[in-house]
Amino acid sequence: MLNRLHFLISKILKKSFVFRIPKKSSVLLYGQPSKILQEIINKRYISKQILDRNEINIFIFILTLLNGKIFFRNYAENFIKFVNPKIVITILDNDIDFYYFKKYHRNKYFIAIQNGYRYKITDPFFNNLILEKKKKTSLEADYYLTFNRYYGEYIKKFIKCKIVLNGSYRNNFVKISKKIKFKNKLLFISQYYPKLKNIPEDEHSIFYSPEKKILPILETYCLKNKLDLIIMLKSNKKNLERYNNEISYYNSFLTKKFKILSGSNPYNLVDKFENIFTIDSTLGYEALARKKKVFFFHDRIVKIHNKHLKYSFGWPKFKRKSNFSININEKNINRYLKSNLILSYKKWLKINNKHINDLMVFNYKNKNLSKLIQSCLKKDTGNNFAKKL
């Protein structure tokens, strides 16, 4: 008992605390703040306090404590009851707790928005879904906005919900620019992140091994064909330590003849390039929807429980290789580049168009989401809670 109490206290002390009593609101954000959602929905209708497991509202916590249960789900239940929103919405769509609450709040709308391209082998969310299905747990939401219909079909096996195709809500928020500035430059999207203390060195090294295999081949190809290799960094100068760490990483195995690019809006940056390369980044899939020629070198391997598992391109749709993704070796890559880089976007699209919407749709200004929010709120109030499209 004392050990459990100590564990709970240590977890609580790691949280931030809010002492204001939450106000009744029409829309409650679950999980984390989102500037984009606040642009889509009139701010005055959104609760200023977020239902976040890393933040404790003291008033709600005391209510939960008086009920004798201080688990997160009980805390969240009390939060939802007190704020009494019409809509509870989250961009943390892989937080399985979110899907427990609908059955207790039939008069509220629960909306989940896919936040990133997901892979079954690395996200615990999918293992949790399988376990809960075996236990016959009821998981529900009213709407789940997804990148593509295949992910939606997979989710519906575990969560009772209506699927709405929306693509990436971040990507949708930025208008596509058709002005290509750099036709003779190849853009590589970096996914590098420094090793965390709790990650073993070998796991980190294995995860980023495709970069060390592929980039030297791309660099050599560029030098031979008088093209510039541009690496678009994941970090920027706002975090100078990470920024320098990322540059040092690429300098450690390239000849330093590549150029770097970074900025606060990655979508505006990718729009300037005709040919884009990535291993398996969400931004790569988003760039496809932005009408870019994107080439995936899907060779990512992760080490989990001493097993080496490989990512699957376009999961859960693609089971085999496609023109987007190729086997990794120098001869194959050179042949692939030679035949694809010379293609105009129109010709390349003719070859690949039938698959693009299977990977990512584009819904400018998130019109599907905006209309959905307006519809849910008008059913009860008749007011215009969402901003005009």
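The values are calculated or read from the model by the stated rules, or taken from the named source; none is laboratory data. Quantities reported herein were computed from a predicted structural model and do not represent experimental measurements. No Cβ is skipped: glycine too gets one built from the backbone with ideal geometry, and neighbour counts run over all protein chains shown.
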Quick check: is even one residue across the range 123-133 modelled with pLDDT of 95 or more and either buried (at least 19 other Cβ atoms within 10 Å of the Cβ) or under 30 Å from PHE273 (Cα atoms) (or both)? yes
For the range 273-314, give me each residue that is within 14 Å of GLU211 (Cβ to Cβ) and small (Gly, Ala, Ser). SER281, GLY284
If we keep just the residues of the range 221-258 that are β-branched (Val, Ile, Thr) and surrounded by 15 or more Cβ atoms within 10 Å (Cβ to Cβ), which is nearest to TYR193 (Cα to Cα)? ILE247
For the structure I just gave you, tell me whether ILE113 is surrounded by 16 or more Cβ atoms within 10 Å (Cβ to Cβ) and either β-branched (Val, Ile, Thr) or in contact with a His (Cβ under 6 Å, 6 or more places away or on another chain) (or both). yes
Number of positions in the range 254-272 that are touching a residue at least 24 places away in the same chain (Cβ under 8 Å) and either of a type in the set (D, E, K, R) or in a strand (DSSP E or B) (or both): 6
Candidate set: the range 235-253, residues that are of a type in the set (Gly, Ala, Ser) and in a loop (DSSP other than H, G, I, E, B); chosen: the one farthest from THR122 (Cα to Cα): SER252
I'd like to know if the range 153-172 contains one or more residues that are over 13 Å from PRO266 (Cα atoms), within 17 Å of the chain's Cα centre (by Cα), modelled with pLDDT of 95 or more and not assigned by TED's automatic domain parsing to the domain that holds PHE110. no
Restricted to the range 54-96, and to residues that are in contact (Cβ under 8 Å) with a residue 40 or more places away in the chain and among the charged types (D, E, K, R), which residue is surrounded by the fewest Cβ atoms within 10 Å (Cβ to Cβ)? GLU55
Within the range 360-389, can you find the residues that are modelled with pLDDT under 75 and out of contact with any helix residue (DSSP H, G or I) (no Cβ under 8 Å at 6 or more places or on another chain)? LYS379, ASP380, THR381, GLY382, LYS388
Residues of the range 331-379 being under 26 Å from LEU227 (Cβ atoms), polar (S, T, N, Q) and free of Cβ contacts under 8 Å to residues at least 40 places away in the same chain, which ones? ASN332, SER339, SER344, ASN352, ASN353
In the range 120-131, how many residues are assigned to a helix (DSSP H, G or I) and either over 20 Å from GLY314 (Cα atoms) or among the hydrophobic types (A, V, I, L, M, F, W, C) (or both)? 6
Consider ARG290 carefully, then state whether it is buried (at least 17 other Cβ atoms within 10 Å of the Cβ), at pLDDT 85 or above and closer than 21 Å to PRO124 by Cβ. no
Among the residues of the range 273-308, which ones are touching a residue at least 40 places away in the same chain (Cβ under 8 Å), out of contact with any Pro (no Cβ under 6 Å at 6 or more places or on another chain) and of a type in the set (Val, Ile, Thr)? ILE276, THR278, THR282, ILE301, VAL302, ILE304
Of the listed residues (ASN357, ASN332, ASN327), the one being in the same structural domain as LEU229 (by TED's automatic domain parsing), in a helix (DSSP H, G or I), at pLDDT below 85 and polar (S, T, N, Q) is ASN357
Selection within the range 41-68 - part of a helix (DSSP H, G or I) and touching a Leu at 6+ places or on another chain (Cβ under 6 Å): none
LYS103 vs (1) crowded, with 18+ Cβ neighbours inside 10 Å; (2) out of contact with any Phe, Trp or Tyr (no Cβ under 9 Å at 6 or more places or on another chain): all pass except (1)
Of all residues in the range 114-148 being farther than 23 Å from ASN172 by Cα and basic (Lys, Arg), the one that is nearest to the chain's Cα centre (by Cα): LYS120
